[in-house]
Amino acid sequence: MFVRCAYFKGTIKAGMEEAFHAHWREHVLPHWRAFPHLVELRVMRDVESDDDTSRFPLVMAMKFAERGHIAEALASDVRWASKAASKPLIDMLDGYVIHTVFEADEFSPLG
């Protein structure tokens, strides 16, 4: 499996927390869900951190079966629609977005 993550690093601008979360749910999430070859989508919201100087108010993780599927997804029209829908979201963030691709192994818990 391969996972492409978007880390929204920084803090949500003061007073914009509700609008930030409403925007990604209403305007960005439909695009994320529409990426071709998507196996699984997770959106995580920051609850607490042991490092207040390095916060991630939002992390999005897309799982794909093959590395080539990520390239196809990024070449799709959905990506450009997602980027356009994400611009207001990024404008509400004092920070920036980092994209990273991981090769992932999955294991069942012991016991």
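Where a number appears in this text, it was derived from the coordinates with a stated rule and is not lab data. Just so you know, these numbers come straight off a predicted model, no measurement behind them. Don't worry about glycine lacking a Cβ; one is built from the backbone with ideal geometry, like all the others, and counts go over all protein chains shown.
Couple of notes before you dig in:
- Per-selection metrics, the chain (Cα): Rg and Dmax in Å: 14.8, 46
- Between ASP46 and GLU106, the FRET efficiency estimated from the beta carbon spacing at R0 = 25 angstrom works out to 0.55.
- Between GLU66 and LYS87, the contour length at 0.36 nm per residue exceeds the alpha carbon distance by 4.8 nm.
- Within the chain, the longest segment free of exposed loop sites, counting GluC sites (Glu not before Pro) that fall outside DSSP classes H, G, I, E and B and have at most 15 other Cβ atoms within 10 Å, spans 1-47.
- Centroid-to-centroid separation of segment 70-111 and segment 44-60 [C-alpha atoms, Å]: 16
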